[in-house]
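This report refers to the structure that appears directly beneath it.
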Amino acid sequence: MLRYIIPPDSSSCFLESEVDMRMIFRNLVRYNSDFVEVFVTDLPSISESVVSNTVCEDSSTMLEENDYLGCYRAEAPKSYMTKGWESYIHSEGQKFEGGVVEFRDKLRKYAVEIGFSYEFVRNDKVRVIAQCSKKHSQGCNWLVKAYLCRVNGFFMIKRLVNVHTCHGVIRLQKSKMIGSKVVKSIVLDKIRANPNKKPIDIADEIKSDYGLDVPYRTVWYGTELAKTALHGDEAESYSQLLWFSESVMKSNPDSRIVVEFHRETQRFQRMFVTYGAWMKGFQFCRPILFIDATFITNKYKGQIIAASAKDANQALYPVAYAIVDSENESNWRFFLEVLAEEFAKHPMRRVTFISDRHVGLVSAFPSVFPNNPHGFCFRHLMANLSDKFPAGSYLKDRIPYLFMCCAYSRTPEMYEFNMEILRSEGGDIVGQFLEDLPKENLCMAYFNGERFGEMTNNLAESFNNWVLPLKSLPILDINDGIRVKSMASIAARKQDAQEWFSELCPVIEKKLKENLEVGRHWRVSRSDTYVYEVHCQKYNSMVNLETHFCSCGEWQLYGFPCSHALVVIQQHGSSPYLYVNELYKVEKYRETYSFPINPLPSISKQVHDFGRDAVILQPPLTRRPQGRPRKKRFRKRSEQTRVIKYGRCGKCDGHNRKSCTAPI
């Protein structure tokens, strides 16, 4: 049965036909209302009305009274997910295939739903006897006895007195029987889907879905128990690394995993991981590696050092990573040396490295890759320079801008001009900062390698965000999680590329069209067969199609035709796709993801055995710092965070929908 109410009228009407629908629209206009309240009521059957006519009359009277209350009427009761708990304990002879663990869990949930507490008279692996906690105070007769059946390992209820003779048996929102183990069984699937789910969010969901108020500490312990049940003990996960290493290299040829540990104590030291599919696919990406490190937030801490590249569609492509105890020269040298060995196995081009200029990396890099260009991240350098000036100072914003002009200078003359201005305004502070900063590692004009216009190490930050959900897991799950994420990503991108029919990847195709639109109104004059002059509004540019040269410098630096070159190409009567680097095309993208990562043959996590001399890796010795463990790193003052703007009020002062005070 459908009924409806149109405010401010508090009377309810039936909604049974199209005539009623037309009446609704008329009343909306009459009362100048924007909405109508429609609610559903159950129509009792004829048999029910015959058996309990009086009850139906009373209930119908109450229903009509409730309908006329309008917005003040009583809400319908909500069905909580604890509804099934009341049938967990029901009769003698009931069996529990999960043994004593399942019986204890269901007994506790049953007590929560019914609304009483119990105490154990006997509680061990073969026998559990529980009685109502009001046995001594009020003489309650409730009792349950369960025993282990040694034939099949089931737990069975032998005796059950399921009647309470005490007072106050009612379901409570705050029950003493809700412990961390109950929370663990509730949140197990939630933690499996999102290992980084916060306890405060889980507590809110338990309140909404189960109607229970659980203390934060209980939820936190239950969450930790769920993580341990899903991923195992963090210390034991180190003993599985040798098995993982052998299984991966067996199922994925040309992959390499190096695990180093102390021979005497067998404690884990560091490891290097790269897959054959990564190395083979990297040959069809631009020869640039972005290297950086990010911290691990599990019990034993550490760092993940990673080398990543960009595919033809400007997306993240992992190449190799290492798990170490800290970011120092020794660990950076270990990572670079193993990476160099892998490069020697594959026909590799001259690779350019871009980093954030870490002290250990700068010290180890020249000895391992003496002939490879190494570019410094401009964003990190600009942040370091900005920190040298006081907050609120005019130079705090002015100097980084001038420094940016120097870094992005495309010709030596432009660099020298901008550098002279920077030194004159920055004074001794800028002079000291530039003493140990070679211009070959910074400026576009002096860089001696292919940089493709990449001036920052932002892609390494993308890798950090990519592994963010895994950094709090045990070390084995970190490695396996990276493997699974990469395996799924390669398969998905390979499938997506089959539906691309353009010659360039979508991101590059969009950039090409944008550059074409810029110079449609420019005039072009021909000088030679392949040499042209482009007349812009502010300046003229010389373009040589044969050597892929433009006097603005963008074509040479990015490997992609600039707006001047595209205007000339159209004037020349050629296709722009002929002048785009092959590494931006769909064909290279498909070849990049043509090498899959194979699944592991077994998901069993067993200790790797070498015979009598079994090596069982132990976790590294770490000391937990004081206070609550940090999940996020300290950010510098110069690092800009994204300002969140709430859409309803349009303000960006850091509040959200819950804390917004603006009128609706």
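Going from most exposed to least, what order do F25, F501, F261 have by accessible area with a 1.4 Å probe?
Most to least solvent-accessible, the answer reads F501, F25, F261.
Pop out the carbon and sulfur fraction of the accessible area of the range 506-584 as a percent, whole number, probe 1.4 Å.
48 percent
Restricting to bridges with both residues inside the range 277-374, how much of the DSSP beta-bridge set is antiparallel, in percent to the nearest 5?
80 percent
What whole-number value in Å² describes the accessible area per residue of the range 180-231 for a 1.4 Å probe?
Accessible area per residue: 52 Å².
Return one quarter of the surface area of the convex hull spanned by the alpha-carbon atoms of the range 83-161, equal to its mean projected area, in nm².
Spelled out: convex hull of the Cα atoms, projected over all directions, averaged, 4.8 nm².
Using only alpha carbon pairs under 8 Å that are at least six residues apart, calculate the relative contact order of the range 83-161 and give it in whole percent.
Normalised by residue count, the contact order of the range 83-161 is 32 percent.
Give the carbon-plus-sulfur fraction of the accessible surface of the range 83-161 in %, rounded to a whole number; probe 1.4 Å, heavy atoms of protein chains only.
47 percent
Sorted by average packing, counted as other Cβ atoms within 10 angstrom per residue and highest first, what order do 371-380, 116-125 take?
Answer by packing, highest mean first, reads 371-380, 116-125.
So what is the accessible area of the range 522-581 per residue, in Å², with the probe set to 1.4 Å?
51 Å²
Rounded to the nearest 10 Å², what accessible area does K280 show when all protein chains are kept and the probe is 1.4 Å?
Per-residue accessible area (K280): approximately 60 Å².
Considering only protein heavy atoms, what per residue accessible area in square angstrom results for the range 83-161 with a 1.4 angstrom probe?
Result: 52 Å² of accessible area for each residue.
The values are calculated or read from the model by the stated rules, or taken from the named source; none is laboratory data. What you are looking at is a predicted structure, and each value in this text was computed from that prediction instead of being measured. Note that we place each Cβ from the backbone using ideal geometry, even for glycine, and neighbour counts take in every protein chain shown. These area figures cover heavy atoms from the full protein model, side chains too; ligands, DNA and RNA do not enter into them. Shrake-Rupley method; radii C 1.70, N 1.55, O 1.52, S 1.80 Å.
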